[in-house]
Amino acid sequence: MRREFLPFSRPSVSGEDIAAVGEVLRSGWITTGPRNAEFEQSFSEYVGCYGAVALSSATAGMHLALKALGIGPGDEVITPSMTWVSTVNLIVLSGAKPVFVDVDRDTLMVSAELIQQRLSAHTSMIIPVHFAGAPVDMEPIRRLAADKNIHLIEDAAHAVGTEYNGELIGKNGSAIFSFHPIKNITTGEGGMVCSDNQKFLEQVRRLKFHGLGVDAYDRQTQGRSPQAQVLEPGFKYNLPDMLAVLGLRQLARIEEFNAKRTRLALHYRKLLAGVEEILPLSVPAYPLKHSWHLFIVRLDTDKANLGRDEFMEGLKQRNIGTGLHFRPVHLQKYYRESMNIPSGSLPNTEWNAERICSLPLFPEMTEDDVTEVVDTIKEVLKHG
Ligand SMILES: *Cc1c(COP(=O)(O)O)cnc(C)c1O
């Protein structure tokens, strides 16, 4: 058994990253300023998008997107239940109605066909979720949204470095990234909205800082009037420079991080091919580059002699951490009670809800760690 606990995720922070943050702390300008502007610029250049706005989280980005697009009472927003709760919470808090769409059983991804079944005269927005580091098949969804004149915002929290049809996610349309510590790059907490829609980006930029249209650094250093006017009531979702500088440093290492993740994921896939009770997610067949944000498997509960929760507990007792991405939103207490969605309405989501489990995957793991995880899985399957 492992002597030290192996967490399912751990950020890669170097001594140089720490020094860069220290430099900002000593500089006299800690909050949003030049490092934030540089991070936005570097991120846009990296993904090849028209423009980007850095924020305090992806959740903040989703809030501002809903607000900027005027989503509210009477609107329906189509999104999977198999996602992190933040998106759905914000839809509800905006006064709109979330409409859950099922996902493919083996990729956990939405599709144009599944979305089509949930369209109504009230559908105003679609939020597809790129899952675990693979991209959603966006082309048919883009066509559907354009045909019906519906807003489309991609949840790209798992997709820094993910490519679809030869282009990085974020290059086309509007996408929101997360820099929470488990994501492929981190700022501690943070997010980025990328878009090719100038008006939308301007609205997001204005709403992120009190509705002023300029931030504190602009006012102090760019010779702008210190008496900036509130153009509309806004929020306080800016990313401070002490975090933005970490994002800049992390972005410079994205290829290295994702290459390491890929090597580990391929090692898992090779070793797990011989374990019949374990079903990894499938990689979609369309052209893509996977960023391997998560390594998700499903426990085949027909073949295994234990349930998923016992499986996770067995690994934990042997010093191996796991995660659950995700407990579907419609099965969370509040949504179960308020929406009352009949069991069986989202069959693939429900099937996976009882079987999914995320195995350890982060750049500083070794292939030997992966081998040890798979050996431990075999032991847990044998002995419980
Ligand atoms: C992490 C995550 C978010 C939220 O990101 P934050 O930066 O923590 O707000 C949204 N959607 C998905 C799918 C996520 O995994």
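Between rounded, prolate and oblate, where does the stretch 230-352 land on the alpha carbon gyration tensor, with a ≥ b ≥ c its root eigenvalues, rounded for a/c under 1.5, else prolate if a/b exceeds b/c? Oblate. Radius of gyration (Cα atoms) of the chain, expressed as a multiple of 2.2 N^0.38 Å: 1.01. With 0.36 nm allotted per residue and the present C-alpha distance subtracted, the Arg10-Gln332 stretch has 113.3 nm of extension available.
Counted residue by residue at 0.36 nm each, then reduced by the alpha carbon distance between them, the extension gain from Tyr286 to Leu231 reaches 15.4 nm.
Build a GNM of the chain with springs between Cα atoms under 10 Å apart, and of Leu324, Leu346, Leu359 the one that fluctuates most is Leu324.
Solvent-accessible surface of protein heavy atoms, probed at 1.4 angstrom with all chains present, puts Lys289, Lys316 in the order Lys316, Lys289, largest first.
Rolling a 1.4 Å probe across the protein heavy atoms gives the chain an accessible surface of 43 Å² per residue. By definition, a body whose alpha carbon gyration tensor gives a ≥ b ≥ c is prolate when a/c is 1.5 or more and a/b is larger than b/c, and the stretch 35-92 fits this prolate description. So for the chain: antiparallel DSSP bridges make up what percent, rounded to the nearest 5? Within the chain, antiparallel bridges account for around 60 percent of the total.
Working from label points 7 Å from Cα in the Cα-to-Cβ sense, the Leu266 to Glu310 distance is 3.7 nm.
For the chain, the longest principal axis of the C-alpha atoms and the axis of helix 198-207 are separated by about 90°.
The values are calculated or read from the model by the stated rules, or taken from the named source; none is laboratory data. These numbers come from a predicted model, not from an experiment. We place every Cβ from the backbone using ideal geometry, glycine too, and count neighbours over all the protein chains shown. Accessible surface areas use protein heavy atoms only, side chains included; no ligands, DNA or RNA. Shrake-Rupley method; radii C 1.70, N 1.55, O 1.52, S 1.80 Å.
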